[in-house]
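Below is one structure; the comments refer to it alone.
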Amino acid sequence: MSSIITKAKPNLGTLVQAGDSLVPRPSYAVRDQLARKLDAKVASGFEDVAVYSVFDITHIMHPYMHVVKSVMSDVGKETLNVHDKVSACALGVGEHRANDVKRDIAFTLGDYGIDNKLTKDSDELIKQINFMPVFDSEGLDFYSAYECLAHDLASRISFRKMINENSGNVILFFGAGGPHCQDQVLIQVHPELFGCPSNRGISDLVKMANLSDHTYFIDCHPDGYGLRSLTYAPIKHETPGKSSYFHLRDAEGVLKQTITGIVKKAVSKKAFLDYTGSLPPQISSKVTQLIEYGKG
Ligand SMILES: [Zn+2]
């Protein structure tokens, strides 16, 4: 009897606390096996990779939209035409209750944004990007509907993961402000100005970032206050390793290479190293630093 227990011990491992109960810790052999599987996945990449380019479409983006659109079009050509497992789309996020979004745009996303399908065709992606408007009106909102975009995108990622758990999902979030529902006192006094009609908030951004393989928040506001303080700071400790932030200024002169590197990283470790290895050393080091560590 004792010899059976002795033989079984290395496989059972020790007990560890999980919530209210004790469960067997996976043996070293099992953990090694899982680690090898994870390494293999990182090295070979996902079976298919979706890149969601989210654009804030409120007036605050006016000075930057041209640059961001131009860079994203170049990245589209450089990644979709090279890697057939990558698809991408452009999504717009504005304000709730802004009538111009509802009135003028064919592909609306809720009452706040613009929708597009994932595509592997770079010309189609460029059409989506060029079609993305920036609205002059500020609507009635003080904030943008980042929380509802996050909620809707999280649902799509969940669905893709359900169909194929080895699908990658990367979010490029070009923004300049913050989501609704952060100050309960203000919401109670002026729900039409401060609250989200669906009562969503920061928790939806946490969920989106944790479901994605990585969410990159790219700040386009001159003072860098809104996106960093109102959107990224409240979620960063709840999304470790899943979200990062940098300002357009941090990527001056290397924005195209940084975004391209982000997509290559999702394709595979080899594609990322091949790409960064092809860049001049100074650019390669700046790009790698921004992608791996962000600036926030
Ligand atoms: Zn909302």
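Here are the numbers for this structure:
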item	result
First in the stretch 69-92 and more than 18 Å from residue 131 (Cα to Cα), second anywhere and assigned to a helix (DSSP H, G or I), Cβ under 6 Å, 6 or more apart	78/260; 79/263; 80/122; 81/122; 83/267; 86/79; 86/80
Selection count, the stretch 231-253, where residues are crowded, with 19+ Cβ neighbours inside 10 Å and not in a strand (DSSP E or B)	8
Residues located in the stretch 115-132, provided they are outside any helix (DSSP H, G or I), touching a strand residue (DSSP E or B) at 6+ places or on another chain (Cβ under 7 Å) and modelled with pLDDT of 90 or more	115, 116, 117, 118, 119, 120
Residue in the stretch 180-195 that is surrounded by 23 or more Cβ atoms within 10 Å (Cβ to Cβ), modelled with pLDDT of 90 or more and at negative phi present	no
Boolean, residue 234 is in the same structural domain as residue 56 (by TED's automatic domain parsing), at negative phi, out of contact with any strand residue (DSSP E or B) (no Cβ under 8 Å at 6 or more places or on another chain) and without any contact (Cβ under 8 Å) to a residue 24 or more places away in the chain	no
Candidates 170, 185, filtered to the one that is touching a His at 6+ places or on another chain (Cβ under 7 Å) and more than 15 Å from the ligand (Cβ to nearest atom)	170
The stretch 57-100, residues that are out of contact with any helix residue (DSSP H, G or I) (no Cβ under 7 Å at 6 or more places or on another chain) and β-branched (Val, Ile, Thr)	57, 58, 60, 67, 68, 82
Residue count, the stretch 209-242 (criterion: within 12 Å of residue 172 (Cβ to Cβ) and among the small types (Gly, Ala, Ser))	1
Unmet criterion (only one of (1) closer than 17 Å to residue 198 by Cβ; (2) at pLDDT 90 or above; (3) not aliphatic (A, V, I, L, M)) for residue 139	(2)
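Yes/no per residue for (1) free of Cβ contacts under 8 Å to residues at least 24 places away in the same chain; (2) in contact with a helix residue (DSSP H, G or I) (Cβ under 7 Å, 6 or more places away or on another chain):
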site: 250; (1), (2): no, yes
site: 254; (1), (2): no, yes
site: 258; (1), (2): no, yes
site: 265; (1), (2): no, yes
site: 269; (1), (2): no, yes
site: 275; (1), (2): yes, yes
site: 278; (1), (2): yes, no
site: 283; (1), (2): no, yes
site: 290; (1), (2): no, yes
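The values are calculated or read from the model by the stated rules, or taken from the named source; none is laboratory data. This one's a predicted model, so the numbers in the text were calculated from it and none came from an experiment. No Cβ is skipped: glycine too gets one built from the backbone with ideal geometry, and neighbour counts run over all protein chains shown.
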